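Some notes on the structure that comes next.
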Amino acid sequence: MHQGQPSLLEPEEQVLSTLNRDGSRRWLRPRLSPGRFLSARRWVGYLLIALFTALPYITINGRPAMLLDIARREFALFGYVFRPTDTILLALFMVSLIVTIFLLTALLGRVWCGWACPQTVYLELVYRPIERLFEGPPQRGGKPGKHAGGVRTLLKYAVYLLVSLFLAHTFLAYFVGVERLVQWVQLSPLHHPGPFLVMLLTTGLMMFDFCFFREQTCIVACPYGRFQSVMLDRESLIISYDPSRGEPRGKLRRTPKNQTALPVTTGDCVDCGLCVETCPTGIDIREGLQMECVGCAQCIDACDSVMARIGRPLGLIRYSSQSRIEREPRKRFRPRLFFYPAILTITISVLLIVFFNKPVMDVTILRNKGLPYALLPASGEISNSLRVKVVNRTDVSATLDVELIDCPQGRIDSNELPISLAPGADGSASMLVVLPPEAFPTGRQDVTLRITDHADISIEKTYRLLGPVFTPDGTANPHQETGNE
Ligand code: SF4
Ligand code: SF4
C-alpha cells in the first residue's frame with residue numbers, strides 16, 4: 001500500500017458525525033453559543049422542566065393531572081380517567097397525536113427535537129451546564145476545560161447521580177402517584193423491592209443516556225429522527241446555511257491600515273468553524289440538511305455572533321426552508337398541509353363525540369363458558385347463562401340491578417344481583433336469562449337488558465340469546481337443541 005493512501009478498512013467518506021474514520025467514537029463537547037435563540041430555548045426548557053416535575057403533584061377533580069397506573073390499568077389525564085374499555089378513545093387519541101406530529105413537522109421541521117424533547121431539554125439545560133460548571137467550558141476542538149481534573153470529574157458524576165435519582169423518582173411518580181412514592185421513600189426498599197428496582201434501573205438508564213450515550217439517542221436510537229426525511233418537504237421550516245451568501249468561504253483578511261475586519265474576496269462565511277464546534281450532534285450545517293440536525297439553533301447563535309463582529313447582516317445560518325434557500329418560487333399548494341389537517345379534523349371530531357357521549361358506566365355482556373343455552377327440565381324453558389360486567393366511571397358508589405325490558409315472558413335469575421360498586425371500581429354478576437321456547441322461532445332472540453340504580457342511571461344493552469328453533473308442532477331442531485350451533 002502506498003504511503004498516504006487510506007487503509008482498506010477506512011471508509012471513503014464520513015459515515016456518521018460522531019464516528020472517527022477508524023470506527024471509534026468521536027466524543028463531542030460542544031461550545032455554548034449565547035444568543036437570542038439560546039435565551040428563548042432556556043425559557044421554554046426550564047418551563048418544561050418545571051411542568052414535567054410538577055405534573056404528578058397537581059390534582060384536578062381530586063385526581064393527579066397525569067397518572068399512568070399500569071397495575072390498576074387506569075390512566076388519569078387532566079382529571080379524566082381512562083380505563084381499558086376506552087380503547088377507541090385511546091386509539092383516536094394516538095392517531096390524532098401522530099397526525100399532529102406529522103403536521104407540525106411538515107410546518108416547523110424538528111422544532112420538537114430542538115426545543116421541547118426531554119432528551120434535549122435535560123441534556124442541554126441540566127447535564128451539560130453541570131459539566132461546564134465542574135470541568136470548565138470546552139476548549140477549541142471540544143476538549144474539556146483546562147481545569148478539569150480527577151476530583152472535579154468525580155464531583156460532576158456525583159451531582160449527575162443526584163440529579164438522575166431525582167429524575168427517576170419523578171418518573172416513577174407518573175406511574176404510582178406521589179402519595180405512594182412518598183410512603184415508599186420513607187420505608188425500607190425491602191418493603192417494595194419491585195418499584196425500588198425500577199427506580200434503580202431508571203437512574204442507571206438516565207446516567208447511561210446523559211453521561212455516555214448523549215447525542216447518539218437522537219442520531220441512532222430515536223425513530224422520529226429517522227423518519228424526518230419523509231415528514232419534511234422543501235417548504236418545511238429548517239435551520240439552513242445560505243450558500244449563495246456564504247460561498248466562497250474563506251478566512252478573514254484584514255487590510256493593513258484599516259483594522260476593521262473585512263472579508264475581501266470571499267463570501268460571508270469566514271470559515272471560523274464555530275457553527276461546527278457548537279453543534280451538539282457534531283455536524284457541519286454548511287453541508288446542507290442532515291438527519292443528525294436536531295434543530296437546536298446553536299449554529300444560528302454562533303454564526304450571528306460572528307456576523308455581528310465582522311459587520312455583516314445576521315442570518316447566514318437561519319430558520320428557512322430548502323426552497324427559500326435555493327431561491328425557488330414559493331409553492332402555494334402543499335398536499336400534506338391539506339391532508340394532515342383534514343385527517344386531524346376528522347379524528348378530533350370523532351374523539352370529542354365519543355368522549356362527550358361516554359356513558360357513566362361501562363357495561364359489557366359476555367356469555368358464560370359452557371353450552372350457549374340450556375333446556376330447563378322442570379319448565380321446558382330455555383336459559384342463557386350470561387355475565388354482566390360494569391365499570392363505575394363516576395365519583396360516587398353505585399348499586400346496580402339488571403332488568404329484562406320489553407319481554408314480559410322472560411325473567412332474570414341471579415343470586416349475584418345487585419352489583420355494588422365503589423367509585424371507579426368494576427364488578428360483575430352472573431345470571432340466567434330465561435325465556436320460553438316459543439321465543440326462539442329462528443333459534444335466536446334479541447333482548448334488551450337495562451342496567452339501572454332505579455334513580456339516575458339507566459343503560460340499555462341489546463344482546464342476542466340463543467335457543468332451539470321452535471316449531472308450532474312442538475318439535476325442535478335437534479342440532480340446535482344440543483346447543484352445538
Ligand atoms: S459560524 Fe458562520 S462564519 Fe463561521 S464557519 Fe459557520 S457559517 Fe461560516
Ligand atoms: S446543525 Fe445547528 S441546529 Fe442542527 S443540531 Fe447542529 S447546531 Fe443544532
Only one of (1) of a type in the set (Lys, Arg); (2) within 12 Å of ligand 1 (Cβ to nearest atom); (3) more than 26 Å from Ala221 (Cα to Cα) does not apply to Arg330, and that is (2)
Only one of Arg42, Arg25 is surrounded by 12 or more Cβ atoms within 10 Å (Cβ to Cβ), at pLDDT 80 or above and at negative phi, namely Arg42
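Can you name the residue in region 348-377 that is within 21 Å of Ala425 (Cα to Cα) and among the charged types (D, E, K, R) and, of all such residues, is modelled with the lowest pLDDT? Talk me through it step by step, then tell me what you get.
Here is the first cut: in region 348-377, the ones within 21 Å of Ala425 (Cα to Cα) are 355-366.
With among the charged types (D, E, K, R) added as a condition, the list becomes 358, 362.
Working: Lys358: 81, Asp362: 87.
Ranking the candidates gives Lys358 first.
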Determine whether region 306-313 contains at least one residue that is part of a loop (DSSP other than H, G, I, E, B) and either within 28 Å of Leu123 (Cα to Cα) or of a type in the set (Lys, Arg) (or both).
yes
Flagged in region 156-172 as more than 22 Å from Pro137 (Cα to Cα), aliphatic (A, V, I, L, M) and touching a Phe, Trp or Tyr at 6+ places or on another chain (Cβ under 8 Å), in numbering order, are Leu167
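Of Ile317, Ile346, Ile353, which residue is of a type in the set (A, V, I, L, M, F, W, C) and within 15 Å of ligand 1 (Cβ to nearest atom)?
Numbers: Ile346 fails: within 15 Å of ligand 1 (Cβ to nearest atom); Ile353 fails: within 15 Å of ligand 1 (Cβ to nearest atom).
Of the residues listed, the single one that is of a type in the set (A, V, I, L, M, F, W, C) and within 15 Å of ligand 1 (Cβ to nearest atom) is Ile317.
If I ask for residues that are closer than 21 Å to Lys369 by Cβ and not in a strand (DSSP E or B), which ones from region 382-437 would you list? First the steps, then the outcome.
Of region 382-437, the ones closer than 21 Å to Lys369 by Cβ are 382-390, 402, 412-417, 419, 426-435.
Across region 382-437, the qualifying residues are Ser414, Asn415, Glu416, Leu417.
Yes or no, residue by residue, for (1) without any contact (Cβ under 8 Å) to a residue 12 or more places away in the chain; (2) in a helix (DSSP H, G or I); (3) not assigned by TED's automatic domain parsing to the domain that holds Val350; (4) not basic (Lys, Arg):
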| residue | (1), (2), (3), (4) |
| --- | --- |
| Leu68 | no, no, no, yes |
| Thr85 | no, yes, no, yes |
| Leu89 | no, yes, no, yes |
| Leu97 | yes, yes, no, yes |
| Leu103 | no, yes, no, yes |
| Ala106 | no, yes, no, yes |
| Thr120 | no, yes, no, yes |
| Leu123 | no, yes, no, yes |
| Tyr127 | no, yes, no, yes |
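Of the residues Cys296, Cys269, Cys303, which is within 10 Å of ligand 1 (Cβ to nearest atom) and part of a loop (DSSP other than H, G, I, E, B)?
Cys269
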In region 85-112, anything small (Gly, Ala, Ser) and surrounded by 15 or more Cβ atoms within 10 Å (Cβ to Cβ) is listed as Ser96, Ala106, Gly109
Out of (1) within 42 Å of the chain's Cα centre (by Cα); (2) touching a residue at least 12 places away in the same chain (Cβ under 8 Å), the one Ala455 does not meet is (2)
*asked:* Is it the case, given these coordinates, that Gln228 is assigned by TED's automatic domain parsing to the domain that holds Gly282, part of a helix (DSSP H, G or I) and out of contact with any Asp or Glu (no Cβ under 7 Å at 6 or more places or on another chain)?
replied: yes
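For region 28-39, how many residues meet the condition of being in a helix (DSSP H, G or I) and either surrounded by fewer than 17 Cβ atoms within 10 Å (Cβ to Cβ) or not assigned by TED's automatic domain parsing to the domain that holds Leu125 (or both)? First the steps, then the outcome.
Step one: filter region 28-39 for residues in a helix (DSSP H, G or I), giving 36-39.
Still in the list and also either surrounded by fewer than 17 Cβ atoms within 10 Å (Cβ to Cβ) or not assigned by TED's automatic domain parsing to the domain that holds Leu125 (or both): 36, 39.
Residues in region 28-39 being in a helix (DSSP H, G or I) and either surrounded by fewer than 17 Cβ atoms within 10 Å (Cβ to Cβ) or not assigned by TED's automatic domain parsing to the domain that holds Leu125 (or both): 2 in total.
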Of the residues in region 272-293, those that are part of a helix (DSSP H, G or I) and of a type in the set (D, E, K, R) come to Glu277, Arg286, Glu287
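Could you tell me which of the residues Ala302, Ala308, Ala297 is out of contact with any Cys (no Cβ under 8 Å at 6 or more places or on another chain), hydrophobic (A, V, I, L, M, F, W, C), within 10 Å of ligand 2 (Cβ to nearest atom) and in the same structural domain as Thr105 (by TED's automatic domain parsing)?
Numbers: Ala302 fails: out of contact with any Cys (no Cβ under 8 Å at 6 or more places or on another chain); Ala308 fails: within 10 Å of ligand 2 (Cβ to nearest atom).
One residue alone meets the criteria, Ala297.
The values are calculated or read from the model by the stated rules, or taken from the named source; none is laboratory data. Since the model is a prediction, treat every value here as computed from it, not as a measurement. All Cβ positions, even for glycine, are placed from backbone atoms using ideal geometry, and neighbour counts span all protein chains on display.
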